[in-house]
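The values are calculated or read from the model by the stated rules, or taken from the named source; none is laboratory data. In this text the structure is predicted, and so the values were computed from the model without any measurement. Note that each Cβ is placed from the backbone with ideal geometry, even for glycine, and that neighbours are counted across all protein chains shown.
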Amino acid sequence: MKTRQWEVWKCRPEGFERDHWFVIVSGQERCDEPRHLLVNGLACWTLRGDPPKLSVRLNGVDGFQMPTICQCDFIYALPKSGLHSTLGQVSWERQQQIKSRLKEVLRL
């Protein structure tokens, strides 16, 4: 299984009761290196109400059937061995929004 930066994958990291969607934000070098067992991901949640300021809204172009948000204020360590069921890749426009939001949130 090959993962790529900006793809959306399901995983169940520690602290989650069930599988959940995540946008992979690790660089491609980490994704490709078999010695690295973890990648970084941002959790995605179904949108209910107004989207939080620290999130980016995703939609069908990004693979989601329902309005969804990508939570950009916390990066999860995801075991590569636990990744399954990809939705595809986040659109270029959303990638740029997520990058901007991460810079804002992390003060980069």
Reported set for region 41-88 where residues are polar (S, T, N, Q) and in a strand (DSSP E or B) is Thr46, Ser55, Thr68, Gln71, Ser85, Thr86
Odd one out for Gln65, checked against (1) within 21 Å of Val105 (Cβ to Cβ); (2) surrounded by fewer than 17 Cβ atoms within 10 Å (Cβ to Cβ): (1)
Residues in region 15-38 that are within 11 Å of the chain's Cα centre (by Cα) and more than 15 Å from Leu102 (Cβ to Cβ): how many? 2
All but one of (1) in a loop (DSSP other than H, G, I, E, B); (2) of a type outside the set (S, T, N, Q); (3) within 27 Å of Arg107 (Cα to Cα) hold for Arg18, so report the exception by its number. (3)
Number of positions in region 47-93 that are in contact with a strand residue (DSSP E or B) (Cβ under 6 Å, 6 or more places away or on another chain) and among the polar types (S, T, N, Q): 6
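Listed here are the residues, each with its yes/no results for (1) surrounded by fewer than 18 Cβ atoms within 10 Å (Cβ to Cβ); (2) of a type in the set (Val, Ile, Thr); (3) in contact (Cβ under 8 Å) with a residue 60 or more places away in the chain; (4) more than 15 Å from Gln95 (Cα to Cα).
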residue: Val23; (1), (2), (3), (4): no, yes, yes, no
residue: Pro34; (1), (2), (3), (4): yes, no, no, yes
residue: Trp45; (1), (2), (3), (4): yes, no, no, yes
residue: Gln71; (1), (2), (3), (4): no, no, no, no
Selection from region 21-40 of residues in contact with a Ser or Thr (Cβ under 9 Å, 6 or more places away or on another chain), in a strand (DSSP E or B) and within 15 Å of Thr86 (Cβ to Cβ) yields Trp21, Ile24, Val39
Considering only residues of region 39-68 that are of a type in the set (Gly, Ala, Ser) and farther than 25 Å from Glu14 by Cα, which is modelled with the lowest pLDDT? Gly49
